[in-house]
Each structure stands twice: as C-alpha cells, then as structure tokens.
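A.B. asks: Can you read through this structure? Questions will come right after.
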Protein chains: 2
Amino acid sequence: VRTKPSRGRPRDPRIDEVVLAATREILARDGFAATTVQAVARRAGVGASAIYRRWPSGIELIESAVFPHLDALDVTPTGDIAADLRRFAASYCRLFGAPAARAAIPGLLAAYQSEPDQRRVLAERIGEDVRPAFRAMLASADPGTVDRAIDADAVLDLVIGAALYRTFIEPFTSREDPDDRVTGLLLRAVRPTVKEERDRAAE
Amino acid sequence: VRTKPSRGRPRDPRIDEVVLAATREILARDGFAATTVQAVARRAGVGASAIYRRWPSGIELIESAVFPHLDALDVTPTGDIAADLRRFAASYCRLFGAPAARAAIPGLLAAYQSEPDQRRVLAERIGEDVRPAFRAMLASADPGTVDRAIDADAVLDLVIGAALYRTFIEPFTSREDPDDRVTGLLLRAVRPTVKEERDRAAE
C-alpha cells in the first residue's frame, strides 16, 4: 500500500543511507535485475512507500546508490599533473569497478535505451559534476606541463572512456601497467606544443 | 526437437547470413532480452537446432551478429594520420551506434558478469583483432607526426574508450565536434616530443 508523504514531518536522513546501502548490497550480491524496490525495501526493513517517497523508481534509486558523491574521486590538485591525472584515472576505475557499480552500469545502460533522456543523469553524475574540478586541476599544473589552450573536457572524456573500457571490456590482467600507459599518453596530449615551447623560450 | 548434425553434409553458409540478419533485426526492434534463439529461429525460418549447430548459445549468436567483420572499420592507412585517426574513431562510433549493437552491448556486458571469461570474446572482436592494422596505420604516418616510441595499443584503447563513452553515456548532441576534439588530443598525444624534434633536426 502506497501512503502519501506526511506533511510537516521531516524526512529521516538515516533511512536514505540504510536504503542506499541495501541497494548496493543487493546489486553486488544478486545483480541488477534482482535489485527491485521491493527487494531493497525488504532488505532495508522499510516500506516500499518510504523508498518511492525519495526516489521515483528503481532506476533513480540505483543511480543514487552507485554514484553517490563524486567528491569521492578526490581531485584536489597537487600541481604534479602526472600524479594528478593518474590518480584521477584510477579513481574512475575504482568507481566503475566497485561491485555494486559493476553490476549496475550495464543494467542502467540497457534501461536508458527505452528512456534516452534518463541517460543524462548518469552523464551528469559521472562526468558533468566533475568537470569544474578537472579543469581546475589542469589549470593549476606546473608551468610547462599543460598547454593553456588544451580542452579539459575532451581530456576528461578520454579519462572516463578509458576507465569504462578497462572496467567492462578489456580485462585488467591482460596488459601491464594500464594506468601508466594511459596516463603517459594523456600527459603527451596535454603538454605544450613545440611552437608553444619556442614562444615561451623567446619571451 | 534437437537433431544431431548430419555427418558429411556441408553447412549451408546462406543460413548463417539469414540467421545473423534476423538476430540484428530482433535486437534493433525488440531489444536484447527478446533476442532469444527461439525468436531468431522463428524470424529466420529455420529450426533452433540449425542455430545451435552453429552457435553454442544466444550470447555467441549475438556477438557474431553485432561484431561480424572488423574489416568494416576500414583501416587502410593513407599516411595522413589526422584523417586516419578521425576515420578510425568515427568507425568505432558507427560500429557501437548501429541499432543492433546499441541494443546488444549493455546486454552482453551484463551477461559477462556471470561469465567473465566470455568477455574475452568481445575484447577480441572489438580490440585485439584490430590492433595489427592500427599499429600499421601509426607506423605508416607521415614523418614527424608520430613518435616512433608511441604505444599504439594504448592509443587504440583511448579511441575505443572514447567511442564507448560517446555511444552509451555522453549524448552526442551536448558537445560540438566531438570527433575533432578527441582526434585533436590523440594527435597531440602521438606526435614526437620536443626532444625527439631536436634530435631529428640534429641528425
């Protein structure tokens, strides 16, 4: 039975956390298809209505559970662009590779095929929300390591794409040091051009 | 009723094509879950046994139907590395974005979660099989555009990852000229370093 939200009573934030944790647990253990609102409600010991009051559907619930805070990517820039890029790429691999996310992402992508607008949510959570911090990281890199004209968004696209590919298609075990290889290429991509170097030397 | 393969009778290759075309049709129209061996057999007008004689399961059938020949990527090198890289990246976007592939890939990724070994097949079909041609393309680039020490496999990883990301997560419409942006970064990544330039000038 769906109950209407009680007016005036503040939402208990602890329920949010219990429900999100139960969602991650079921995803990791039983997979995407088994992660229904009913199953989460049972596991969390709350009514389905308490979940629907917070998330309009199982899809939104799973999105929240799997991509909760992207500050977990830890993008505080150090100035050492090699270390920062590597840390950033590794964070995405951890994010996508966590058991709940690994179970959720193919299911979400399949669900978006019937609702293309909804895929915007995933794009925002894994990409858009991170762009400002990523731009700041490139901007604060040590002099001479990053071309000022570089398109930070395009670099971020490559970082996320590489992490997706590694998590879902290319097995980690088949290549050595994939982090170094990708980071090495990205460093080459962002460094100043020969012309920029010359211009700087002439200044 | 499953029939055993008739010994001595050669397999009719036309049946393969009819079955693969029916598989793509059902994927594009009805989605991954609806693309069962039974549904394909009905659509193709053959017995399920004729399909099982060729593919051990629906997963292998879908893999063959969606990633049939990667020579379709057209990787004949022209020497113009900018044009070649761009054409290569666009080919992957077309490959992943074709209606049958778009429907199949999330389903395949989900299926691989219970059978991680099988994901090797997808990795081979979309990546490994293309590596030699991709290496040849970088090797035949015009002088001065590609560092001889560049890791071609790592570049290919970035190309495939970017295409995956664009096809399944980032909507095409939200960015301008994504091909140019990614190709531009990849060109920067593969070009010779300042030091290599100097060494060449000193030769």
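A.B. asks: In square angstrom, rounded to the nearest 10, how much accessible surface does A:W55 have for a 1.4 Å probe?
C.D. replies: Approximately 20 Å² of A:W55 is accessible to the 1.4 Å probe.
A.B. asks: For A:A139 paired with B:T145, estimate the spin-label separation in nm (one decimal), with each label point 7 Å from Cα along the Cα-to-Cβ line.
C.D. replies: 3.4
A.B. asks: Here's something else I'd like to know. Over all directions, the average projected area of the alpha-carbon convex hull for region A:111-169 comes to how many nm²?
C.D. replies: 5.1
A.B. asks: While we're looking at this one, here's another question. Can you give the FRET efficiency to the nearest 0.05 for B:A202 and B:R94, using r as the Cβ-Cβ distance and R₀ = 35 Å?
C.D. replies: Details: r = 43 Å, r/R0 = 1.24.
The computed FRET efficiency comes out at 0.20.
A.B. asks: With every protein chain in place, what's the accessible area of B:F32 (1.4 Å probe, Å², nearest 10)?
C.D. replies: Taking all protein chains as shown, B:F32 has close to 60 Å².
A.B. asks: Another question, if that's okay. Provide the FRET efficiency to the nearest 0.05 for the A:E124-B:E60 pair, computing r from the beta carbons and using R0 = 41 Å.
C.D. replies: So the FRET efficiency works out to roughly 0.70.
A.B. asks: Would you tell me the accessible area of A:S114, worked out with a 1.4 angstrom probe on the heavy atoms of the protein chains, in Å² to the nearest 10?
C.D. replies: Surface open to solvent at A:S114 totals about 100 Å².
A.B. asks: Also: At q = 0.17, 0.26 Å⁻¹, what is the base-10 log of I(q)/I(0) for region B:52-131 according to the Debye formula with one equal point scatterer per Cα and no solvent? Please give it to two decimals.
C.D. replies: -0.72, -1.32
A.B. asks: At 7 Å along the Cα-to-beta-carbon direction for both B:R131 and A:R29, put a label point, then send me their distance in nm to one decimal.
C.D. replies: Calculated label separation equals 3.9 nm.
A.B. asks: Something else now. To one decimal in nm, how far is B:R29 from the same spot in the other copies, if labels go 7 Å from Cα toward Cβ? Please give the shortest first.
C.D. replies: Counterpart label points of B:R29 in the remaining copies fall at 4.2 nm.
A.B. asks: Report the relative contact order of region A:16-129, percent, no decimals, based on alpha-carbon pairs under 8 angstrom and at least 6 residues apart.
C.D. replies: Answer for region A:16-129 is 31 percent.
The values are calculated or read from the model by the stated rules, or taken from the named source; none is laboratory data. These numbers come from a predicted model, not from an experiment. Every residue, glycine among them, receives a Cβ derived from its backbone with ideal geometry; neighbour counts consider all protein chains shown. Ligands, DNA and RNA are stripped out before the accessible areas are found, and what is left, the full protein with its side chains, is counted by its heavy atoms. Shrake-Rupley method; radii C 1.70, N 1.55, O 1.52, S 1.80 Å.
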